[in-house]
Amino acid sequence: MTTDFKSDTAKSTAAEISLISMVIPVYNEEANLTELINRCVAVGDALAFDYELILVDDGSADSSAQMIQQAAEDKQGKVVGVLLNRNYGQHAAVMAGLAQSRGDVVVTLDADLQNPPEEIPKLIEKSAQGFDVVGSVRMNRKDSFFRRTASKIINKAVQKATGVMMTDYGCMLRAYHRNIVNAMLQCHERSTFIPVLANTFARQPCEVPVAHAGRSQDETKYSIMKLINLQFDLLTSMTTFPLRLLSILGGLLALAGFAFSIVLLVTRLVYGAAWAGEGVFTVFAILFIFIGVQLLAMGLLGEYIGRIYHDVRARPRYFIHKVVGISE
């Protein structure tokens, strides 16, 4: 009976899917773009559903925008180009693509071909079974040791903060049902980390293992500073836990300082003032500890206040310069 119910649900969900949207943010990817488009179109043509390929140029400085326009003109109705007027960042570009998408299921992936487009049918199959958010787990990752280690740490932090035990939040190869996409588009915060945002609305998420490839042509667009900024966006956009942690840390330090002051008082009475340079070095050590904690707290508070400042101004996440390739 349970198996029959699940089978009927999967059939019903599959019957509701008529159009698949593939949304890809593009930034200075002229070396990969032709291959990316050809592979995505080949995957789309092999699907049992209609599809649209939405390429969002995120203010590229190379010829990516021109290549997207040409592809949209050559494959009108299948390839849509969304050209932003400048660089707004990967997640803002994805949101621009989501807003333009019409599919019952929307698949996102990166343009660097580290997420092979040939893995898209795996995600669509899971979506057709009724899973409203389908994540992917990169198998045999080709990234550096630093990137893999940082990714593991961030994934653990996100799992703890959100309570959603998905393994690989850093992989952009994901599929969302239309109701999840519509819910995300109603959120207007400026700092957006799409996999986490989607999981806040997910009723039935799941993950599938996918292949992972090294960059075929050029180097990653993410420098160390961009990765750090991305992690700050992730941390501050999904939870206020760091602020609570600071309160706990402040309380523990206050207790430790009080206990240490008792120890210093007893030691001074027993051994006299000369035992530690008249206490000057001890005072400086304690002072530096508290100054460091205060600066850390002020920095984190500043991050949150900065987010509030940007949200209150309510400026658009992005500005679309042109949309090409839409079928009449």
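The values are calculated or read from the model by the stated rules, or taken from the named source; none is laboratory data. Every value quoted in this text rests on a predicted model; they were computed, and no experiment measured them. Here the Cβ positions follow ideal geometry from the backbone for every residue, glycine too, while neighbour counts run over all protein chains shown.
Things worth noting here:
- Selection within region 57-81 - among the acidic types (D, E) and either closer than 19 Å to D45 by Cα or surrounded by 24 or more Cβ atoms within 10 Å (Cβ to Cβ) (or both): D57, D58, E73, D74
- Selection within region 271-308 - among the hydroxyl-bearing types (S, T, Y) and either at pLDDT 70 or above or at positive phi (or both): Y271, Y304
- From the list G89, G81, G97, the one residue that fits, being touching a strand residue (DSSP E or B) at 6+ places or on another chain (Cβ under 8 Å) and farther than 17 Å from R174 by Cβ, is G81.
- The residues in region 22-35 that are surrounded by fewer than 24 Cβ atoms within 10 Å (Cβ to Cβ) and either assigned to a helix (DSSP H, G or I) or touching a strand residue (DSSP E or B) at 6+ places or on another chain (Cβ under 9 Å) (or both) can be counted, and the count is 6.
- Residues of region 110-166 that turn out to be assigned to a loop (DSSP other than H, G, I, E, B), at pLDDT 90 or above and under 16 Å from the mean Cα position of the chain (by Cα), as a count: 2
- Single condition L98 does not satisfy, out of (1) modelled with pLDDT of 95 or more; (2) assigned to a loop (DSSP other than H, G, I, E, B): (2)
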